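Only one structure is covered here, and it is reproduced in the block below.
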Amino acid sequence: MPVESGNSAAARQVKQKRKSHSLSIRRTNSTEQDRGMQRDMMEGQDSKLPMALRSNLLDLFGQIEREFENLYIENLELRREIESLNERLAGEGQTVDGGDLTKGALKTKASHSTSQLSQKLKTTYKASTSKIVSSFKATTSRAVCQLVKEYVGHRDGIWDLAVTRIQPLVLGTASADHCSMLWSIETGKCLLKYAGHAGSVNSIKFHPTEQMALTASGDQTAHIWRYMVQLPLPQPPADISASLDDDGDFSDKDEADGEAEGPSECPTIRVATTTLKSHQGVVIAADWLVGGKQVVTASWDRAANLYDVETSELVHTLTGHDQELTHCCTHPTQRLVVTSSRDTTFRLWDFRDPSIHSVNVFQGHTDTVTSAVFTVGDNVVSGSDDRTVKVWDLKNMRSPIATIRTDSAVNRISVSANQRIIALPHDNRQVRLFDMNGVRLARLPRSNRQGHRRMVCCSAWNEENQACNLFTCGFDRQAIGWNINIPALLQEK
């Protein structure tokens with residue numbers, strides 16, 4: 001079999017490289033021209049998309065084109081390497097003993113080398129396409145979930161937050177700095193500060209029909225206090241499109257090490273209307289029973305207490321948990337209470353019949369149950385440090401009807417009343433949205449310019465406010481108001 005000389009093979013490789021290089025130059029020039037024409041055509045069209053979103057789409061399409069162009073060029077180079085390898089192997093086979101390349105060691109060597117090159121090509125293609133798909137997902141999340149307002153003023157981490165149930169709608173936060181604050185949702189201004197606790201304020205809940213707040217504290221008490229606020233004039237919305245361009249990961253900043261700037265001067269309440277004290281440990285959470293005439297508190301002394309609001313008297317002590325309680329929640333329309341504990345269980349307490357107070361124990365988790373909440377309907381949703389969230393049916397709670405598995409511990413969850421979307425705050429600074437079937441809907445944007453920079457402790461929905469319908473807080477000392485486009489979110493599902 002004739003063998004191509006070394007000079008001839010080298011000349012052939014040089015010719016192929018020149019041809020590939022010239023082709024690459026023509027493709028690059030043509031791509032830049034086409035991209036410019038596409039941008040001009042898109043700018044000339046009467047599109048309803050915001051300019052920032054259109055610009056992001058153009059950039060993504062440009063990235064796609066560049067990725068496939070790089071793949072095409074690399075494919076050509078790999079093909080040249082394969083041809084060169086085959087020519088070299090053919091030459092070696094002729095000079096050794098004239099053996100057939102389809103047999104023996106030469107065939108094995110050629111097949112192995114070709115397989116390696118093919119695998120390299122597949123790996124490169126897979127990595128490139130995964131990057132493109134991730135870019136599309138990030139852009140979709142930014143378009144559906146947008147940061148609207150940041151509420152900054154606490155001097156320590158924020159454990160809990162809630163929105164008032166009656167007008168005027170304000171946001172309440174509970175912080176480890178021993179204070180609770182009320183904020184204007186629209187302007188982000190602090191309207192009122194409650195400084196009556198001697199320890200960390202661990203939770204805040206608002207009365208269903210009156211301007212009263214219920215706070216639980218590390219000073220082993222729960223306080224009920226009245227508030228009166230006057231909303232400031234709303235400010236024009238800021239342009240946040242620039243902050244949505246980057247969704248990269250955040251390297252911890254030194255913000256938490258310095259003193260956060262306090263809010264502008266606002267009225268301060270220092271004395272509670274009612275003080276509830278009978279616990280022997282930290283009161284970690286508290287909530288109003290339906291009607292607002294009784295409250296329930298959960299404590300690290302392993303008990304939950306039921307109080308009468310008017311007389312401040314202890315009505316019932318709910319015992320049975322083996323370890324500290326972490327959370328308590330009441331049903332929006334029925335006299336039901338659910339308590340969570342570090343003993344990996346949560347308990348359902350039924351007070352609908354005054355003569356019988358039944359309790360059911362649920363052992364669905366393998367680590368601390370950080371929260372369990374009722375939904376509008378007959379469901380309970382529980383979250384745990386075991387990195388799972390489970391949806392239960394009140395009519396049959398032997399096993400969950402859905403299980404959500406995540407990559408980080410889950411803190412105080414919330415479920416929207418209308419669409420029943422679950423908001424999961426995580427230890428790893430992420431906030432994810434799921435439906436009741438366990439299908440992931442979105443992840444809230446987080447980058448070095450927006451989102452939480454420390455553990456996210458709590459989430460709270462408020463579907464009555466269209467501008468900010470989801471709030472989150474964390475140990476970066478701030479609460480954040482988000483706009484979640486729920487119809488678009490459900491349509492993408």
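The strands (runs of 3 or more DSSP E) found wholly in region 432-483 and carrying at least 1 residues that are touching a Lys or Arg at 6+ places or on another chain (Cβ under 7 Å) and surrounded by fewer than 21 Cβ atoms within 10 Å (Cβ to Cβ) occupy 440-443.
Going residue by residue through region 356-363, is there one that turns out to be of a type in the set (Gly, Ala, Ser), free of Cβ contacts under 8 Å to residues at least 60 places away in the same chain and either closer than 24 Å to Thr215 by Cβ or part of a loop (DSSP other than H, G, I, E, B) (or both)? No, the conditions are met nowhere in region 356-363. Within region 158-180, the set of residues being among the aliphatic types (A, V, I, L, M), part of a strand (DSSP E or B) and either modelled with pLDDT under 95 or farther than 11 Å from Asn465 by Cβ (or both) comprises Ile158, Leu161, Ala162, Ala174. Consider region 297-329 and keep the residues that are in contact with a Lys or Arg (Cβ under 9 Å, 6 or more places away or on another chain) and part of a strand (DSSP E or B). The one that is farthest from Asn396 (Cα to Cα) is Asp308.
Of note, Ser243 satisfies the criterion of being at pLDDT below 60 and not in a loop (DSSP other than H, G, I, E, B). Looking at region 459-473, can you tell me whether even one residue there is modelled with pLDDT under 95 and touching a helix residue (DSSP H, G or I) at 6+ places or on another chain (Cβ under 6 Å)? No - not one qualifying residue is present in region 459-473.
Residue-level analysis places Leu336 outside the set of residues that are crowded, with 20+ Cβ neighbours inside 10 Å and of a type in the set (A, V, I, L, M, F, W, C).
Any residue at all in region 345-352 that is without any contact (Cβ under 8 Å) to a residue 24 or more places away in the chain, surrounded by fewer than 22 Cβ atoms within 10 Å (Cβ to Cβ) and in a loop (DSSP other than H, G, I, E, B)? Looking through region 345-352, none of the residues is without any contact (Cβ under 8 Å) to a residue 24 or more places away in the chain, surrounded by fewer than 22 Cβ atoms within 10 Å (Cβ to Cβ) and in a loop (DSSP other than H, G, I, E, B).
Residues in region 173-186 that are within 16 Å of Asn462 (Cα to Cα) and open to solvent by 10 Å² or more (accessible area, probe 1.4 Å): Glu186 only.
Does Asp407 satisfy the criteria of being out of contact with any Cys (no Cβ under 9 Å at 6 or more places or on another chain), open to solvent by less than 60 Å² (accessible area, probe 1.4 Å) and charged (D, E, K, R)? Judged against the criteria, Asp407 is not a match. When restricted to residues that are not in a strand (DSSP E or B) and not hydroxyl-bearing (Ser, Thr, Tyr), region 384-404 contains 9.
The values are calculated or read from the model by the stated rules, or taken from the named source; none is laboratory data. The model shown is predicted, which means the values in this text are computed figures rather than measured ones. As a convention, Cβ positions derive from the backbone with ideal geometry for all residues, glycine included, and neighbour counts pool all protein chains shown. In case anyone asks, the SASA skips ligands and DNA or RNA and just uses the protein heavy atoms, side chains included. Shrake-Rupley method; radii C 1.70, N 1.55, O 1.52, S 1.80 Å.
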